[in-house]
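A short worksheet on the structure shown next.
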Amino acid sequence: MIGKQPLIIGNWKMTLSLTESVRLARTLLEAIEPPRQTEIVIAPSFEALVSVGEIIRDSALKLAAQDVAPFGPGAHTGFVAAAHLAPLGVAYAILGHSERRLEAYETDGMIADKVAACVAAHIIPVLCIGETRAERRSGRTRTVLRRQLQKGLEKIPKNAPLVIAYEPVWAIGAKKPATPKLITEAHENIRALLDRSARVVYGGSVDAASATFFAAEPLIDGLLVGRASLDESQFRGIIQAYESR
Ligand code: PGA
């Protein structure tokens, strides 16, 4: 094994109904052999967390939420508190995903509060960072990554367990991932910018074929997978790439 324990997170986004989520969780449970060295996490949408959590309880699969509220329990209509998710078996939460930054107008400040809420609830934050195409073209990638990291982490202690997901916005939902050179460079930048220990994973159009490259790259501690995590054989192939690392 290279370095830290590899982590593969399947982000189901808002693609599946409750019935479909339950079906996929059951299929994965049957199809995925207990991994020897890879941590595997699935992130269903909120309405499926309880049912999927029950299906995968006591298995090698772990549960993640796709978001949490930026504050603790109280009078906040429509939010979901990290403190209420932890007892459901939620071990991780994806925070600051570019879709939420764009579609839910999330700011770095709100994301910092969500990161802090997770740490307080003993949920490991998966802080998503990444530049847009325009930011990359204008040479601002490093500045953007620095800002997202510094602001996103400013409210938690340095020793809090943490995952950073580098997801260049233009590579999400695209035809193929960013190039290996670009991803490696960004991971080097992130490591240099980080003032603490964290696993740093890559996300953006990963599939079973491209996973072989990521698994061979010691800087990349794992993957945040969107579409390919909805396909049992693709997801299995991605895990396999890390298991044979
Ligand atoms: P994708 O999504 O794998 O479908 O590009 C990745 C993500 O948004 O986390």
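The values are calculated or read from the model by the stated rules, or taken from the named source; none is laboratory data. In this text the structure is predicted, and so the values were computed from the model without any measurement. Positions of Cβ are backbone-derived with ideal geometry, glycine not excepted, and every protein chain shown enters the neighbour counts.
Pick from Ala25, Ala112, Ala117, Ala91: which is within 19 Å of Arg199 (Cβ to Cβ) and either touching a His at 6+ places or on another chain (Cβ under 8 Å) or not in a loop (DSSP other than H, G, I, E, B) (or both)? Walk me through how you get there before you give the answer.
Numbers: Ala25 fails: within 19 Å of Arg199 (Cβ to Cβ); Ala112 fails: within 19 Å of Arg199 (Cβ to Cβ); Ala117 fails: within 19 Å of Arg199 (Cβ to Cβ).
The conditions single out Ala91.
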Review point. Would region 148-157 turn up any residue that is polar (S, T, N, Q), out of contact with any His (no Cβ under 8 Å at 6 or more places or on another chain) and over 23 Å from Gln66 (Cβ atoms)?
Key: yes
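Name the one entry in Val115, Val80, Val119 that is surrounded by 14 or more Cβ atoms within 10 Å (Cβ to Cβ) and closer than 17 Å to Ser45 by Cα. Let's see the steps before the verdict.
Details: Val115 fails: closer than 17 Å to Ser45 by Cα; Val119 fails: closer than 17 Å to Ser45 by Cα.
Unique residue meeting the criteria: Val80.
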Revision key, fill the gap. Given (1) surrounded by 23 or more Cβ atoms within 10 Å (Cβ to Cβ); (2) within 30 Å of Ala69 (Cβ to Cβ), Ile220 misses just (2)
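In region 45-65, is there at least one residue being part of a loop (DSSP other than H, G, I, E, B), of a type in the set (Val, Ile, Thr) and in contact (Cβ under 8 Å) with a residue 12 or more places away in the chain?
Quick first cut of region 45-65, residues part of a loop (DSSP other than H, G, I, E, B) only: 45, 57-60.
Keeping just the survivors that are of a type in the set (Val, Ile, Thr) gives none.
No, that holds for no residue.
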Practice item. Tell me which of these Gly237 doesn't satisfy, since it passes every other one: (1) surrounded by 22 or more Cβ atoms within 10 Å (Cβ to Cβ); (2) of a type in the set (Gly, Ala, Ser); (3) in contact with a helix residue (DSSP H, G or I) (Cβ under 9 Å, 6 or more places away or on another chain). Key: (1)
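Considering each of Arg133, Arg140, Arg100 in turn, give the residue that is touching a Phe, Trp or Tyr at 6+ places or on another chain (Cβ under 7 Å) and at pLDDT 95 or above.
Numbers: Arg140 fails: touching a Phe, Trp or Tyr at 6+ places or on another chain (Cβ under 7 Å); Arg100 fails: touching a Phe, Trp or Tyr at 6+ places or on another chain (Cβ under 7 Å).
After applying the criteria, what remains is Arg133.
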Exercise for review: May I ask you to list the residues in region 28-44 that are of a type in the set (S, T, N, Q) and either in a helix (DSSP H, G or I) or buried (at least 17 other Cβ atoms within 10 Å of the Cβ) (or both)?
Suggested key: Thr38
Study note, to complete from the structure: Only one of (1) more than 20 Å from Asp195 (Cβ to Cβ); (2) part of a helix (DSSP H, G or I); (3) more than 16 Å from the ligand (Cβ to nearest atom) does not apply to His122, and that is (2)
Exercise for review: For Arg236, work out the one condition from (1) under 15 Å from the mean Cα position of the chain (by Cα); (2) away from the ligand (no atom under 15 Å from the Cβ) it doesn't fulfil.
Suggested key: (1)
Check your understanding: Of the residues Leu127, Leu162, Leu193, which single one is farther than 22 Å from Glu39 by Cα and modelled with pLDDT of 95 or more?
Key -> Leu193
Practice item. Mind listing just one residue for me: the one in region 162-195 that is small (Gly, Ala, Ser) and within 10 Å of the ligand (Cβ to nearest atom) and, of those, surrounded by the most Cβ atoms within 10 Å (Cβ to Cβ)? Key: Ala165
